[in-house]
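Novice: Here it is, the structure, as structure tokens.
The values are calculated or read from the model by the stated rules, or taken from the named source; none is laboratory data. For clarity, every value in this text was computed on a predicted model and none was experimentally measured. Glycine also receives a Cβ, built like all others from the backbone with ideal geometry; neighbour counts cover every protein chain displayed. Surface areas here come from the heavy atoms of the whole protein model, side chains and all, with no ligands, DNA or RNA. Shrake-Rupley method; radii C 1.70, N 1.55, O 1.52, S 1.80 Å.
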Amino acid sequence: MVSYIIRRLLWGFVIVTLVSLIVFFAIRLLPGDPLLIFMAQSQEMGTMSLEQIEALRAEYGLDKPIMVQYVNWVKDLMRGDLGLSIHYRENVGKLMLERLPVTLHLSLVSLAISLPLGILAGLAAALRRGTWIDNVVVVGSYIGIAIPVFWLGYMLILIFGLRLGWLPIAGYTSPFENFWLSTRQLIMPVFCNSIAGIAGMARQMRSSVLEVANQDYVRTAWSKGLTEKAVVLRHILKNSMIPIVTILGMSIGGIFGGSVIIENIFAIPGMGRLLVNSIFAQDYVVIQASTLIMACIIIASNLLVDISYGWFDPRIRYD
Amino acid sequence: MPETVVNTETVAEVQPRRSEWKRFRRVFFQRKVAIFALIIICIMIFTAVFAPWLAPYDPNEQNLSNSMAPPSREHLLGTDRLGIDTFSRLIWGARTALIVGFATAFISAAIGTALGMIAGYFGGVISTVIMRFMDALMGFPMIVLALLLAGVLGSGMQNIIIALTVASVPGYVRLMYGMTLSVKENDYILAQRSIGSSSARTIWKHIFPNALQPMIVMLTSALGGIIMAESGLSFLGVGITAPDVAWGSMVADGFKYLQTYPILSFAPGVCIMLVVFSFNILGDSLRDALDPRLRGTL
């Protein structure tokens, strides 16, 4: 077990290195010059001389050969220095510390809602197979996966924000600052972010429960005369959880992906919005840092998922 | 993780011998909604192919004197800010969505299947290099990877297809890698090698036929996701550019007029939903009908 974890960690390290290489070299193929874009957007545009531009270029190390730039970047990373943003003129580490909690807040609330709802819906559908509950869950999950999240966001803004005026249409407030406003602002983004998760979870759970419900030990449990509650909770639910753990691991990526679009709709200053803005501004430093952090979180969560299999199913052995 | 639902009662029930096509059709349409999905997809393909003849107006023809017109007999869904007929744009949008969807799905299936079979067949360093690279690509959420690549390559239909292809390839590689590893153990592969058949021939003649069915199922199921990702990119403004029309950017363009003129955002979103929904249903129905493990269990 320990050797398995160590080996996975080492491979994880190799993969993170590959990710950093992909990101680093892909970004440097971006057409255009981030400094020129920055200056075009800033006030000093006309006043900067060619020498000043070159000085700025040297300050960011963009005048060095690309391999040297990569080595310098990795060296800085090792010291915990994510670099200086070209567009925001700010330390990227500080920028990340501001943005990451926002995305995590949105994601964790969405997950806390979609996980139990998805599991319950899938369980109910499987246990009442062929009834109207099953049909509603199955058709609903297909629709939930097919709704474009940005369209859903606009429709919610139109109905609850503009027409009914119940909810603020955009923005983000820290819950420590103003909990009530923060919650009201989060309702629509969380709803959008949860729909696909609930649908995917319910679908997976349904097929997983159907499989388990046909196992011999479940039949034995029924024939012993156990109550439905006991059979479902003790025998079916626990054994159907493994696919859910898998899909939970995968949904970490989905949630980051969803946050890219949702944060842009609702003007939430999180990682997703930062990434899109940085791509438009061609802010190398920020794109590198934010994609690398996302990839690290995803790779780490996949590792956790693989390790947790053994906890849910002791038959699984690592070698 | 088998997704199969093994229903012990129905497994015992031996099906009377019927032609393979009839069995396929029966399982395929077991979900009644598959008929609806098939009709939607046929309509969409028809619309995409015949867009120039079906669209009443040019999708880029501006008429500023008739901007923001309400739905009427001339303009079924009205016109947008530039006086362009919304209905015509929807029709051309179907063409964009399907071209991007099918092109990405087929190219990524071909590349991914080839890479997966090569990695699985040769093993060793080759498989380590290919599989770790795929792991690295899978470390990004699909839309983030596509966004990054679209940023690098620039927007436009061709670049979006490349970006989405790179983002879709790892799935096929994983699937085909596992499949090749298990097929490789069969005696007929050993027999092939013992008579001196080349690697390329063994892969093509003996491993690829096993790969075809799961590849087709994965390809069909992936179409919906690809179209969704394309609309997402177009919505964010890094996707399809004029003169091509994308539903995703139509939704985004309508935002300013959400209060007064919601149909501009509403209509293209419904189109995306219908297409993605239908492809997902077809993918699942095809899986049920083709996967031998599911035979007689549904």
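Novice: Based on what the data block shows, is B:R201 in a helix (DSSP H, G or I), within 14 Å of chain A (Cβ to nearest Cβ), open to solvent by 10 Å² or more (accessible area, probe 1.4 Å) and not hydrophobic (A, V, I, L, M, F, W, C)?
Specialist: It is false that B:R201 is in a helix (DSSP H, G or I), within 14 Å of chain A (Cβ to nearest Cβ), open to solvent by 10 Å² or more (accessible area, probe 1.4 Å) and not hydrophobic (A, V, I, L, M, F, W, C).
Every residue, every condition in (1) of a type outside the set (D, E, K, R); (2) open to solvent by 50 Å² or more (accessible area, probe 1.4 Å); (3) closer than 21 Å to A:L21 by Cβ, yes or no:
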| site | (1), (2), (3) |
| --- | --- |
| A:H87 | yes, yes, no |
| A:N91 | yes, yes, no |
| A:K94 | no, yes, no |
| A:R99 | no, no, no |
| A:V102 | yes, no, no |
| A:L106 | yes, no, no |
| A:I113 | yes, yes, no |
| A:G118 | yes, no, no |
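Let's see how each residue does on (1) of a type in the set (A, V, I, L, M); (2) more than 9 Å from chain B (Cβ to nearest Cβ); (3) more than 20 Å from B:V33 (Cβ to Cβ):
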position	(1), (2), (3)
A:R129	no, yes, no
A:W132	no, yes, no
A:V138	yes, no, no
A:P148	no, no, no
A:Y154	no, no, yes
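Novice: Suppose we filter the stretch B:242-285 for residues that are more than 16 Å from B:A222 (Cβ to Cβ), more than 7 Å from chain A (Cβ to nearest Cβ) and hydroxyl-bearing (S, T, Y); how many remain?
Specialist: Count: 4.
Novice: Next up: Within the stretch B:222-240, can one find any residue that is of a type in the set (S, T, Y), assigned to a helix (DSSP H, G or I) and over 15 Å from the mean Cα position of the chain (by Cα)?
Specialist: Yes.
Novice: Restricting the stretch A:275-287 to residues that are within 10 Å of chain B (Cβ to nearest Cβ) and touching a residue at least 24 places away in the same chain (Cβ under 8 Å), which is nearest to A:M96 (Cα to Cα)?
Specialist: Result: A:I287.
Novice: Could you please find all residues in the stretch B:241-263 being within 15 Å of B:I160 (Cα to Cα), outside any helix (DSSP H, G or I) and of a type outside the set (A, V, I, L, M, F, W, C)?
Specialist: Hits for the stretch B:241-263 are B:T241, B:P243, B:D244.
Novice: Looking at B:I189, is it touching a His at 6+ places or on another chain (Cβ under 8 Å), part of a helix (DSSP H, G or I) and away from chain A (no Cβ under 14 Å)?
Specialist: So B:I189 passes the test.
Novice: From A:V138, A:V68, which residue is more than 21 Å from the chain's Cα centre (by Cα), on the phi < 0 side of the Ramachandran plot, in a helix (DSSP H, G or I) and without any contact (Cβ under 8 Å) to a residue 12 or more places away in the chain?
Specialist: The unique qualifying residue is A:V68.
Novice: Looking for whichever is small (G, A, S) and either touching a Cys at 6+ places or on another chain (Cβ under 7 Å) or modelled with pLDDT under 85 (or both) here; the options are A:A267, A:A289, A:A281. Which one fits?
Specialist: Matching residue, one of A:A267, A:A289, A:A281: A:A281.
Novice: Could you name every one of the helices (runs of 4 or more DSSP H) located completely within the stretch A:213-318 that has at least 3 residues being of a type in the set (S, T, N, Q)?
Specialist: Qualifying helices (runs of 4 or more DSSP H): A:241-265, A:284-312.
Novice: Among the candidates B:G124, B:G112, B:G151, which residue alone is among the small types (G, A, S) and free of Cβ contacts under 8 Å to residues at least 24 places away in the same chain?
Specialist: B:G124
Novice: Sticking with this structure for a sec: Run down A:I265, A:I293 and say which single residue is within 10 Å of chain B (Cβ to nearest Cβ) and in contact (Cβ under 8 Å) with a residue 40 or more places away in the chain.
Specialist: Result of the check over A:I265, A:I293: A:I265.
Novice: Let me ask you something else. Just to verify a result, which residue in the stretch A:162-194, among those that are closer than 19 Å to B:K256 by Cβ, more than 9 Å from chain B (Cβ to nearest Cβ) and free of Cβ contacts under 8 Å to residues at least 60 places away in the same chain, is most open to solvent (accessible area, probe 1.4 Å)?
Specialist: So the residue we want is A:G165.
Novice: Moving on. Of (1) of a type in the set (A, V, I, L, M); (2) under 18 Å from B:S249 (Cα atoms); (3) under 15 Å from the mean Cα position of the chain (by Cα), A:I265 satisfies all except one. Which?
Specialist: All conditions pass for A:I265, except number (3).
Novice: Those residues that are at pLDDT 90 or above, away from chain A (no Cβ under 11 Å) and surrounded by fewer than 24 Cβ atoms within 10 Å (Cβ to Cβ), I need them from the stretch B:142-168; list them, please.
Specialist: Selection gives B:I161, B:I162, B:T165.
Novice: From the list A:L158, A:L123, pick out the single residue that is more than 10 Å from every other protein chain (Cβ to nearest Cβ) and either surrounded by fewer than 22 Cβ atoms within 10 Å (Cβ to Cβ) or of a type outside the set (G, A, S) (or both).
Specialist: A:L123
Novice: If you take the residues in the stretch B:223-238 that are farther than 13 Å from B:G93 by Cα and among the small types (G, A, S), which one is modelled with the lowest pLDDT?
Specialist: Residue satisfying both the conditions and the ranking: B:G237.
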